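What follows is a set of notes on a single structure, which appears directly below.
The values are calculated or read from the model by the stated rules, or taken from the named source; none is laboratory data. Keep in mind that what you see is a predicted model, and the values were worked out from it rather than measured. Note that each Cβ is placed from the backbone with ideal geometry, even for glycine, and that neighbours are counted across all protein chains shown. To get the accessible areas, we keep the full protein, side chains included, count just its heavy atoms, and leave off ligands, DNA and RNA. Shrake-Rupley method; radii C 1.70, N 1.55, O 1.52, S 1.80 Å.
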Amino acid sequence: MLDIEFVRGQFPALSESSLDGWAFFENAGGSYTCQPVIDRLMRFYHQRKVQPYAPYPASEAGGAEMDEARTRLAGLLGVARDDLSFGPSTTQNTYVLAQAFSEFLVPGDAIVVTNQDHEANSGPWRKLADHGIEVREWKIDPVTGRLDPEALAPLLTDEKVRLVCFPHCSNVVGEINTVAEITAAAHAAGAFTCVDGVSFAPHGFPDVGALGCDIYLFSAYKTFGPHQGIMVIRHELAGRLPNQAHGFNGDVLYKRFTPAGPDHAQVAACAGMVDYVEALAAHQGIAPSEVSGMMHAHEVTLMQPLLDFLGGRNSIRLLGPRDAAMRAPTVAVDLGRAAEPVARALAGHKVMAGGGNFYAHRPLRAMGIDPEQGVLRLSFVHYTSEAEVAQLIEALDQVL
């Protein structure tokens with residue numbers, strides 16, 4: 001069992017007097033930051049805010065902390081150190097990668113994208129059509145929002161497909177896609193895979209090495225850290241893609257797809273995410289690799305009553321699976337009316353939630369939902385308590 005009191009003690013926002021009594025259910029837009037990240041960020045700004053890697057102590061310490069973040073995060077994700085890069089955001093990282101592929105692919109090549117994606121992992125790839133690349137769409141089921149792996153097979157019947165882009169889970173559907181299975185099918189067809197992990201990673205850092213995908217992207221500000229995009233690119237692929245950085249950085253894989261210099265302090269602070277995972281593992285008496293499973297198990301326990309409550313109301317439409325074990329706790333509801341006023345009403349009950357389209361125009365349209373009307377989205381992570389979920393359900397019962 002997850003020691004929820006220990007967990008909540010690692011997040012200063014949860015003991016902030018100005019937030020007392022408020023239940024935070026907009027974690028899909030960004031999570032609270034854990035104390036080790038804040039400590040590292042403050043230390044860097046106080047002691048090491050100089051140009052890193054210069055031959056004097058403050059600079060050497062700053063560079064060492066940046067290297068530590070890359071090394072320890074790579075270890076947590078099960079990938080080689082040089083396969084991991086930092087960038088200002090996942091959206092920016094994806095645009096840079098799409099630019100690299102625009103130079104790597106040739107007219108007549110094809111890529112596969114989905115209409116389940118957040119726009120950040122769809123729009124940049126779709127722009128490759130301007131370079132003569134064929135863009136094939138892997139469509140979701142319009143009723144369930146599900147991406148059926150069997151529906152991918154007809155898109156991979158020839159040797160033209162070079163890349164398959166899809167989410168680990170959607171930011172409105174929530175169902176966890178079978179990354180390893182999809183990647184294996186793409187590789188068998190001779191294609192690379194790019195996985196948007198932004199909506200999955202907050203619910204347990206993935207073993208990217210075991211998943212086998214060629215690119216994996218997520219955002220540290222949603223995994224209890226600073227506002228950085230984290231990008232894993234397998235060196236077998238990274239070495240083949242054209243350099244997008246300064247010419248003299250082209251031989252350094254973790255700099256190859258970062259055109260501008262990274263935020264040194266935030267990169268260094270990312271090591272605090274690993275500090276937190278290791279501290280939680282030590283407290284629970286488990287290995288760090290088991291923390292993700294414990295996080296998800298706690299979320300599933302809290303999520304099922306919410307799904308049962310929402311699924312039992314005929315006046316609304318719950319998107320995604322009703323079985324909590326099949327999804328992340330990013331729960332979107334089609335109200336049949338504008339969602340933002342309902343989110344505003346929930347604030348009257350000290351519940352923080354969001355209403356809108358959340359850059360998920362394509363999946364909403366595919367499921368027959370007007371993006372301007374949007375959905376009510378209720379999202380949480382492992383630091384959410386049972387009492388907060390009860391507070392949410394009681395508020396929903398009154399507002400809906």
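Descriptive notes on the structure:
- Residue satisfying all of: in segment 174-196; in contact (Cβ under 8 Å) with a residue 60 or more places away in the chain and among the charged types (D, E, K, R); farthest from L163 (Cα to Cα) among these: E175
- Within segment 188-271, helices (runs of 4 or more DSSP H) holding 3 or more residues that are under 30 Å from F11 (Cβ atoms) and modelled with pLDDT of 95 or more: 208-211, 264-269
- Residue match in segment 347-357 (condition: open to solvent by 60 Å² or more (accessible area, probe 1.4 Å), touching a Gly at 6+ places or on another chain (Cβ under 7 Å) and over 19 Å from R126 (Cβ atoms)): yes
Per-residue answers, yes or no, for (1) without any contact (Cβ under 8 Å) to a residue 60 or more places away in the chain; (2) open to solvent by 60 Å² or more (accessible area, probe 1.4 Å):
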position: A338; (1), (2): yes, no
position: I369; (1), (2): yes, no
position: E372; (1), (2): yes, yes
position: V375; (1), (2): no, no
position: T384; (1), (2): no, no
position: E388; (1), (2): no, no
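- Among all residues of segment 75-93, there is none that is in contact with a helix residue (DSSP H, G or I) (Cβ under 6 Å, 6 or more places away or on another chain), crowded, with 16+ Cβ neighbours inside 10 Å, farther than 26 Å from D263 by Cβ and modelled with pLDDT of 95 or more.
- Qualifying residue in segment 240-248 (condition: in contact (Cβ under 8 Å) with a residue 12 or more places away in the chain, open to solvent by 10 Å² or more (accessible area, probe 1.4 Å), among the polar types (S, T, N, Q) and in contact with a Gly (Cβ under 8 Å, 6 or more places away or on another chain)): yes
For every residue, the table says whether it meets (1) under 15 Å from C194 (Cβ atoms); (2) modelled with pLDDT of 95 or more; (3) in contact with a helix residue (DSSP H, G or I) (Cβ under 7 Å, 6 or more places away or on another chain).
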| site | (1), (2), (3) |
| --- | --- |
| T114 | yes, yes, no |
| A120 | yes, no, yes |
| V135 | yes, yes, yes |
| P142 | no, yes, yes |
| D148 | no, yes, no |
| P154 | no, yes, no |
| E159 | no, no, no |
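- Single condition G145 does not satisfy, out of (1) in a strand (DSSP E or B); (2) open to solvent by less than 40 Å² (accessible area, probe 1.4 Å): (1)
Quick grid of which residues meet (1) touching a helix residue (DSSP H, G or I) at 6+ places or on another chain (Cβ under 7 Å); (2) of a type in the set (A, V, I, L, M); (3) surrounded by fewer than 18 Cβ atoms within 10 Å (Cβ to Cβ); (4) in contact (Cβ under 8 Å) with a residue 24 or more places away in the chain:
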| position | (1), (2), (3), (4) |
| --- | --- |
| K222 | yes, no, no, yes |
| I230 | yes, yes, no, yes |
| H235 | yes, no, yes, yes |
| L280 | yes, yes, no, yes |
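- The set of residues in segment 95-113 being closer than 21 Å to R365 by Cα and either among the aromatic types (F, W, Y) or touching a Ser or Thr at 6+ places or on another chain (Cβ under 7 Å) (or both) consists of V113 alone.
- Of the criteria (1) surrounded by fewer than 16 Cβ atoms within 10 Å (Cβ to Cβ); (2) farther than 28 Å from V375 by Cβ; (3) without any contact (Cβ under 8 Å) to a residue 60 or more places away in the chain, which one D3 fails: (3)
- Failed item, numbered, when G132 is tested on (1) surrounded by 21 or more Cβ atoms within 10 Å (Cβ to Cβ); (2) in contact with a Pro (Cβ under 6 Å, 6 or more places away or on another chain): (1)
- Restricting segment 52-74 to residues that are open to solvent by 40 Å² or more (accessible area, probe 1.4 Å) and touching a residue at least 60 places away in the same chain (Cβ under 8 Å), the residue that is nearest to I230 (Cα to Cα): R72
- Among the residues of segment 169-193, those identified as open to solvent by less than 10 Å² (accessible area, probe 1.4 Å), under 13 Å from the mean Cα position of the chain (by Cα) and among the hydrophobic types (A, V, I, L, M, F, W, C) are C169, V172.
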